[in-house]
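Comments concern the structure below.
The values are calculated or read from the model by the stated rules, or taken from the named source; none is laboratory data. Bear in mind that the values here come from a model prediction, so they are computed numbers and not experimental data. Every residue, glycine among them, receives a Cβ derived from its backbone with ideal geometry; neighbour counts consider all protein chains shown.
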Amino acid sequence: MTKGADIEKKKEHIEHMFNNIAPHYDFLNHFLSLGIDRYWRYKAANILKSHAPARILDVASGTGDFAIAVARRLHPESITGYDISEQMLRIGREKVQKKGLEGIISFRQGASEDMPFEDAAFDAVTVAFGVRNFERLDLGLKEFERVLSKNGVAVILEFSRPRIFPVRQLYALYSHYMVPWLGRLFSRDASAYRYLPQSVEAFPDGADFMAKLTQAGFGGVAQKRLTFGIVTIYIAEK
Ligand SMILES: C[S@@+](CC[C@H](N)C(=O)[O-])C[C@H]1O[C@@H](n2cnc3c(N)ncnc32)[C@H](O)[C@@H]1O
């Protein structure tokens, strides 16, 4: 199989997986993280607030939790939620309507590697728990840089690997054994929740991810590790 066909296959697999888990995603997300995911999104939204962006693109927006957190905290002109999975977006649309945020947040389906937006169309790009799923991370990051306006900023929240004892060992046990077990119990899809720790381990976090942001053309790049390094917020200025 060619590399291109391989990438296409992985993209379809990810889309299918998120379409499958969409009905359980919100519940399991909050449950498996013991609710801390809300605090992580809140911290990332706070960092973005100081940049006061008017037009925001939330990539891998899923069911819209980060877009909603940002809308509430920043009151921007618009947020475009963009995601490969139509089923995740369907739930996102319902939530946004229920919360009366449809004047600010709208959704569009598509893949991060090839975005249908004009150059410099946004003042900020945000991603929460999305970049580690990208089939072509390098292309996705280049697209972020392309669609950002001059002085625009990307704020990216992603799982990372805790390095310190005993958090590293406890987290490995939790993510490799508890998460797939609970995932299967509630969503009947153990493979999706086995994928979670595997994707975190395969992701180039910390300094490696910052180097990728620099390669994609970003100027100032910084990171802030949260909760013993279980997640990291990356801030990249154009
Ligand atoms: C773990 S969810 C995160 C959703 C949301 N940002 C949040 O904070 O809850 C990851 C999302 O990334 C999307 N995704 C994965 N690969 C993608 C790609 N290449 N382009 C766009 N979205 C993608 C999935 O469909 C899924 O909705």
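Only residues that are of a type in the set (Phe, Trp, Tyr), out of contact with any helix residue (DSSP H, G or I) (no Cβ under 6 Å at 6 or more places or on another chain) and surrounded by 15 or more Cβ atoms within 10 Å (Cβ to Cβ) were counted across the range 158-173, and they come to 1. The number of residues in the range 205-238 that are among the basic types (Lys, Arg), over 15 Å from Leu137 (Cβ atoms) and under 18 Å from the mean Cα position of the chain (by Cα) comes to 2.
Beta carbons closer than 6 Å, at least 6 apart along the sequence or on distinct chains, never pair a first residue in the range 74-90 that is modelled with pLDDT under 95 with a second that is within 8 Å of the ligand (Cβ to nearest atom) and not aromatic (Phe, Trp, Tyr). Among the residues making up the range 44-68, a single one is more than 9 Å from the ligand (Cβ to nearest atom), assigned to a loop (DSSP other than H, G, I, E, B) and buried (at least 24 other Cβ atoms within 10 Å of the Cβ): Pro53. Residue count for the range 108-149, restricted to those that are within 11 Å of the ligand (Cβ to nearest atom) and more than 14 Å from Lys212 (Cα to Cα): 15. Among the residues making up the range 78-93, those that are more than 8 Å from the ligand (Cβ to nearest atom), assigned to a strand (DSSP E or B) and crowded, with 24+ Cβ neighbours inside 10 Å are Ile79, Gly81.
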